[in-house]
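One structure is given below, encoded as structure tokens.
The values are calculated or read from the model by the stated rules, or taken from the named source; none is laboratory data. Given the structure is predicted, the values throughout are model-derived calculations rather than measurements. No Cβ is skipped: glycine too gets one built from the backbone with ideal geometry, and neighbour counts run over all protein chains shown. Surface accessibility is based on the protein's heavy atoms, side chains included, excluding ligands, DNA and RNA. Shrake-Rupley method; radii C 1.70, N 1.55, O 1.52, S 1.80 Å.
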Amino acid sequence: NVAIDAQLSGDWKTASTWYARAASLGDIEAMNVLGQELIDGSHLPTDLPSATTYLYCSYVHGDNNAKILLKELVKRYGQVIITQYTNKDFCKNIYEKNFAQENSNALTFYESKSNSLKLISESNQISERFPVRVVVKNKSYSEDRLKYAKELENEGNLRKALAIYKSISKSHFNAEPLIRIAILKRNGGYNLKIDKIGALKVLLEALEEKKSSEAIYQAALTFESLKENSTALQLYFLASDIYHKDALFNLGVMYKNGEELVPNDLSESLKYFEKSAKCGDGEGMYQVALHILKSVTDDREQLIQAHAYLNVALSRGIICAEEDKFKLERRMTTHEIVKANELAREYRHINYCEIDHSYVEKQIDHAAEVIREYISKIKDI
């Protein structure tokens, strides 16, 4: 916990000290964090001998994530990364001290894991073989770490999840770790302080570095939580312009209910619900279906459309769609229901709307400027 606290506060000197202590006691998570950071060089100076040692120790303790990263290193730089730059005695000492007493077969297991890498002898010097800074971006490794962090988050271990998200945010192939960091900072939780300005800074990074359209929507939610409604609305419109389905749905709700900055306008509300539905949003589909049912129409094609939308909405977790679907079927023929089911099968494959990439980047840059201006204004106060 001390290591995680220090990492979250940006004090990597303290964090690395405590992670090293935890690693010496056989903590696989600490080994992985140190291994990744010492390779990446983002927060700690690049140190390949120490990095490969920690990852090797984690691997022989049975961790598959470390194995993935080690394979990537070997693939790029050869077996020398294991044979010459890994302190295997250090790993063996950790294993003996922390596991051998509990398991009489521990050292046998260690030796079998060690030999399984089929090491060969090489004599190249570190300075000749490796660049000063080595960044290993392994998609499988970072995806496994992301999945693990999400599991921790669901279990309520927010601080540890946040630490892992931060450790992979630079190397991950998309902005998802940064988005998760921003959400945790915005919402807070058990032993995790709310930091909404910090969340905006992370989202700005996601926009600038990862070109994430999701970051526009998350920024809108963050500004809304700050009661900065005009800025939130501006970002909702930016996100809706690139057909972000959640932004489209939220605007539909705003126009339906009448918000502080948005008048009550049911036709405008329906327009946004229809757009979100066409992008695969289950809630948007449900709202469009309700509109058709409440209009008391006898247009058979519209009723088929409504049934298809209710069907998909139900499959996407909108439980209240079931009763409406049942009532609608009383008004439909068997042939119409079959046709609606065929249409629903097509809709289930839709999860987003295609849009011109250059226009998306333009909206992302616009959103980034909005956040930069707000952060700058906060600093001046």
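Filter region 1-43 for residues that are more than 21 Å from Tyr148 (Cβ to Cβ) and outside any helix (DSSP H, G or I) and give the result.
Result: Ser9, Gly10, Asp11, Gly41.
Quickly run through region 154-194 and pick out the residues that are under 23 Å from Ile364 (Cα atoms), among the polar types (S, T, N, Q) and touching a residue at least 60 places away in the same chain (Cβ under 8 Å).
Selection gives Ser171 alone.
Just for region 158-191: of the residues that are open to solvent by 20 Å² or more (accessible area, probe 1.4 Å) and aliphatic (A, V, I, L, M), which one is nearest to Trp12 (Cα to Cα)?
Within region 158-191, the subset open to solvent by 20 Å² or more (accessible area, probe 1.4 Å) is 158-160, 166, 170, 173-174, 176, 180, 183, 185-187, 189-191.
Now restrict to residues that are aliphatic (A, V, I, L, M): 158, 183.
On the way: Leu158: 19, Ile183: 23 Å.
In this case the residue turns out to be Leu158.
Do you know which of the residues in region 225-236 that are open to solvent by less than 60 Å² (accessible area, probe 1.4 Å) and part of a helix (DSSP H, G or I) is farthest from Ser358 (Cα to Cα)? Full working, then the answer.
Let us first name the residues in region 225-236 that are open to solvent by less than 60 Å² (accessible area, probe 1.4 Å), namely 225-226, 228-229, 231-233, 235-236.
Filter again for part of a helix (DSSP H, G or I), leaving 225, 229, 231-233, 235-236.
Values: Ser225: 30, Asn229: 28, Thr231: 23, Ala232: 23, Leu233: 23, Leu235: 18, Tyr236: 19 Å.
Per the criteria, the residue is Ser225.
Mind counting the residues in region 154-177 that are outside any loop (DSSP other than H, G, I, E, B) and in contact with a helix residue (DSSP H, G or I) (Cβ under 8 Å, 6 or more places away or on another chain)?
Within region 154-177, residues that are outside any loop (DSSP other than H, G, I, E, B) and in contact with a helix residue (DSSP H, G or I) (Cβ under 8 Å, 6 or more places away or on another chain) number 13.
Going by the conditions given, is Glu268 touching a residue at least 60 places away in the same chain (Cβ under 8 Å) and either surrounded by fewer than 21 Cβ atoms within 10 Å (Cβ to Cβ) or touching a Phe, Trp or Tyr at 6+ places or on another chain (Cβ under 7 Å) (or both)?
Numbers: touching a residue at least 60 places away in the same chain (Cβ under 8 Å): no; either surrounded by fewer than 21 Cβ atoms within 10 Å (Cβ to Cβ) or touching a Phe, Trp or Tyr at 6+ places or on another chain (Cβ under 7 Å) (or both): yes.
When the stated conditions are applied, Glu268 does not pass them.
Write out, first by first residue and then by second, each pair whose Cβ atoms fall under 7 Å of each other, whose residues are 6+ apart or on separate chains, and whose first residue, in region 10-37, is without any contact (Cβ under 8 Å) to a residue 60 or more places away in the chain while the second is open to solvent by 50 Å² or more (accessible area, probe 1.4 Å).
Cβ pairs passing all conditions: Trp12/His43; Trp18/Val2.
In region 283-321, which residues are under 22 Å from Asn351 (Cβ atoms) and acidic (Asp, Glu)?
The answer is Glu283, and nothing else.
Taking Tyr272 and the conditions (1) touching a Leu at 6+ places or on another chain (Cβ under 6 Å); (2) at pLDDT below 95; (3) among the aromatic types (Phe, Trp, Tyr), which numbered condition does it fall short on, given that it satisfies the others?
(2)
Could you say whether any residue in region 297-304 is in a helix (DSSP H, G or I), of a type in the set (Ser, Thr, Tyr) and surrounded by fewer than 16 Cβ atoms within 10 Å (Cβ to Cβ)? Before the answer, list the steps.
Within region 297-304, the subset in a helix (DSSP H, G or I) is 300-304.
Those left that are additionally of a type in the set (Ser, Thr, Tyr): none.
For region 297-304, residues in a helix (DSSP H, G or I), of a type in the set (Ser, Thr, Tyr) and surrounded by fewer than 16 Cβ atoms within 10 Å (Cβ to Cβ): absent.
Across region 51-73, what is the total count of residues that are without any contact (Cβ under 8 Å) to a residue 40 or more places away in the chain and open to solvent by 40 Å² or more (accessible area, probe 1.4 Å)?
Matching residues across region 51-73 total 2.
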